[in-house]
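Undergrad: Input: one structure, supplied below.
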Amino acid sequence: MQPEAGPYTGAVFDALYTQYGNDVLRTAYYYVGEKQRAEDICQDVFTKLFTYTGEIAPGKEKAWLIRVTINACRDYWRSSWAKRVILGPPTMELIPDDRNLIEEREEKEMLAKAVSALPAQFREIILLYYYENFTLQEIASMLNISEGTVASRLARGRYKLEAILEEVPEK
C-alpha cells in the first residue's frame, strides 16, 4: 500500500528535491558517517515530505527538510541496531558541494573527519551554521533551543574543532 500524497508532490516535490537533495544527503552523511545509510535517511526525509499534509511556510522548506533530517539521524543513533553495531570512522566519500570553499580534497577530508569527531551537540551546530548557512536564530528555532545556547555551542564547537585540527600531523 502506497502512502497518501500530500500537497508536496509533482513539480513542487521535484523542485524541492532538486534544490535541497544534496543538502539533505550531506547533512545526513555528516551525522551518520556512512554513505548508504545517509542515502536511506535522505529517501526517508523526502518520503516524509511527499506524505506531509501540513503547510510549510514559503522560504522555510530547507529548514523543514534539515530539521527532519536531523531528527531522522537522531532516531537512527537511538535505534537498538545502531547501539549494537560499532561503526568505524567514516571513509569520507565526500558528497560534492559547489559552494564549498575548500578546494583541496585532502583538506576537505581532514576537515570533514575533524567535524565528525566533534560531540553531536557541537557537530550539528557547526554543520547547520557553516555547511548549510543557517543563521543562529534559524538554528535555535530548528533545534528548539535558545539563540544564546546556539552561539555558545558554536563557539565551543569551533574551539574543539581547532584542537582536533591541531592534533592532525602535517604531511
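The values are calculated or read from the model by the stated rules, or taken from the named source; none is laboratory data. Remember, it's a predicted structure, so these values are computed and weren't measured experimentally. Virtual Cβ from ideal backbone geometry, glycine too; neighbours counted across all protein chains shown.
Undergrad: Within the stretch 41-56, can you find the residues that are among the hydrophobic types (A, V, I, L, M, F, W, C) and over 17 Å from the mean Cα position of the chain (by Cα)?
TA: PHE50, ILE56, listed by residue number.
Undergrad: If a residue has to be on the phi > 0 side of the Ramachandran plot and assigned to a helix (DSSP H, G or I) to count, how many in the stretch 5-34 make the cut?
TA: Looking only at that region, the number is 1.
Undergrad: Let me ask something else about it. Determine whether ASP44 is in contact with a helix residue (DSSP H, G or I) (Cβ under 7 Å, 6 or more places away or on another chain), at pLDDT 90 or above, under 17 Å from THR27 (Cα atoms) and not hydrophobic (A, V, I, L, M, F, W, C).
TA: yes
Undergrad: For the stretch 11-48, what are the residues that are of a type in the set (Asp, Glu) and touching a residue at least 40 places away in the same chain (Cβ under 8 Å)?
TA: If the condition is that a residue be of a type in the set (Asp, Glu) and touching a residue at least 40 places away in the same chain (Cβ under 8 Å), then ASP23, GLU34 are the ones that fit.
Undergrad: Then there is this: Checking GLU93 against (1) charged (D, E, K, R); (2) outside the structural domain of TYR20 (by TED's automatic domain parsing); (3) modelled with pLDDT under 80, which test does it fail?
TA: All conditions pass for GLU93, except number (2).
Undergrad: Here is a further query. Name the residue, out of ALA15, ALA38, ALA28, ALA11, that is loosely packed, with under 12 Cβ neighbours inside 10 Å and either outside the structural domain of ALA112 (by TED's automatic domain parsing) or over 19 Å from the mean Cα position of the chain (by Cα) (or both).
TA: ALA11
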